Every structure is written in C-alpha cells, then in structure tokens.
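Below is one structure, written out as structure tokens, with a few remarks after it.
The values are calculated or read from the model by the stated rules, or taken from the named source; none is laboratory data. Keep in mind that what you see is a predicted model, and the values were worked out from it rather than measured. Neighbour counts run over all protein chains shown; Cβ positions are idealised from the backbone, glycine included.
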Amino acid sequence: METVQIQDWVSRHADIIVYALIALALLGRLWQVFGQRGSHDINRPNPFTVQRKNVSKRKAPPVSGPTRPFARPPQQDVPFNGDGYNNDPSPQSPDRPPIAFYKIAPNSLEGGLEQIRAADPTFDEKKFLTLMRERFSKIVQAYASGNLKPCAAWLAPSVRQGFEQGIQQRKAAGEIVTLPRLDIREAECTKAALENKQASITVCFVSHQETALSNANGQVIGGSHGKIEEVTDIWRFTRDTANPSADWVLAETRG
C-alpha cells in the first residue's frame, strides 16, 4: 500500500522532480567553472566586466603655442606702442596693460580715428560731432542768407569759392532762399584718415528742413513753404594736426 502511494506521488510530481534534477546538474556545472580558484587564477579577469587600459592614468600631451586657438600670445612677443600693444618685455610686470588680441584695420573708420587720436591726443569724437553739428547749422543758414562772413574761417578756400559763386548766381537772378526751419536729426562719422599729419573725417548729416527758393517775382520755384523735407548731406572736414592752433575746416560737400 505504501509503495503504491509513493508511486502515485512520483507520477503526480514527475515534472517537478525533472526540473529539480536539471537545476542540480546546472549548479554542479557552475561550481566546476566558477566555484574553485587555484593559485594560478588569482588575477583571472571577470569575463563580464569591460576591461579598461589605465584610461585615468593616461596624460594628454602638452598643448601650447599656435595649436591653441584661444591661447594668449606670448607677452614678450607683443610690442606696445600706445594703441593697445605692450612694449614691456617682462611678462611679470604688475603694471602691464591688457594684451590686445588683434589690431584695428588702419583703413577702417575706427582705425582712422585711432590714428587721429595718436597724432592729436586731445581729439574726442563726441565733442567733434557736437561742434560739427553746430557748424553745419550755421554754414547752411549763412549760405541761405547769402552772407558767409560769420563762418568764413571754417571753410576751405575751394568750398568758400563754390558757395560764393552759388550766392552770386542767386543774386544775379533775383532769387531769394528762405530757411525758417533746420533740425539736425543725425550726425555720424562715416570715414576717417590721417595722411601726412592731415586729419580727414567725413560726417553724414541727416536734417529736416523747411526751405523755399523764390524768384524775383516772389514765385516759389524750389522747395515749399510749410513743407518739411529730409535732407542728407555728406561733408568732409580736415585739420592739420601738426599745428596745435589749427581748426577743422570744411573741405568737401556732397548732397
């Protein structure tokens, strides 16, 4: 009876027994492979671990000079001549000014202004533009009124001669210019240069003007009363920087 019960239990749990035997066989196999380590296996690597070849200990080669695009140039190789470059050969100088990484193009506006500043340390662009705005207004009004004496010292001989001819032609024709309104909206330097100590700066003026040209009969033949027009003028001023008392003069006009 007992034998029959055992056989019945085995038949009902045969699958469990089979799985258990398989598991025991696998465990025995794993023990043979990993469970024992001899003296010759002390440094055997783990086959499931990614091997590193001392990456953290590897040193990068030193990089300097032109191979580093953002490296500051050797200070002793950069001269300082007053326009942003150091002339002190000692890189340890505590009073050493900042090193310039580039030079301004000499033919650019800023390059021309820098050359003028080097020749005339008193030159200031903002003060220059303020002065030229005042002179622009006075010169235009003087030309419109037909009397250039108040601004004659600010005009180069060739410019004054051209203005005088225009005034004489108007008078000969009996024409009159009225300029009740002149508002300067913008004034900016567009070009600057220094050649043979002669400074040259071109300024663009944008103004709102109410102007009218009338003939001898009083008829308006140019411009319009009560109408505001925007006018753009390009004027070039020059000055002899070798003469401290020399003033800026109007050397050329373009409209």
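Values computed for the structure shown
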read-out	value
Some residue of the range 120-138 being within 38 Å of the chain's Cα centre (by Cα), farther than 22 Å from residue 205 by Cβ, crowded, with 16+ Cβ neighbours inside 10 Å and modelled with pLDDT of 95 or more	yes
Any hit, the range 195-218, residues being under 30 Å from the mean Cα position of the chain (by Cα), farther than 28 Å from residue 176 by Cβ and of a type in the set (Asp, Glu)	yes
Subset of the range 203-227 [touching a residue at least 40 places away in the same chain (Cβ under 8 Å) and either exposed (fewer than 12 other Cβ atoms within 10 Å of the Cβ) or not assigned by TED's automatic domain parsing to the domain that holds residue 187 (or both)]	216, 221, 225
Inter-residue pairs, beta-carbon under 6 Å, first of a type outside the set (Phe, Trp, Tyr) and in the range 133-151, second surrounded by fewer than 16 Cβ atoms within 10 Å (Cβ to Cβ) and in a helix (DSSP H, G or I), 6+ apart	142/150; 151/138
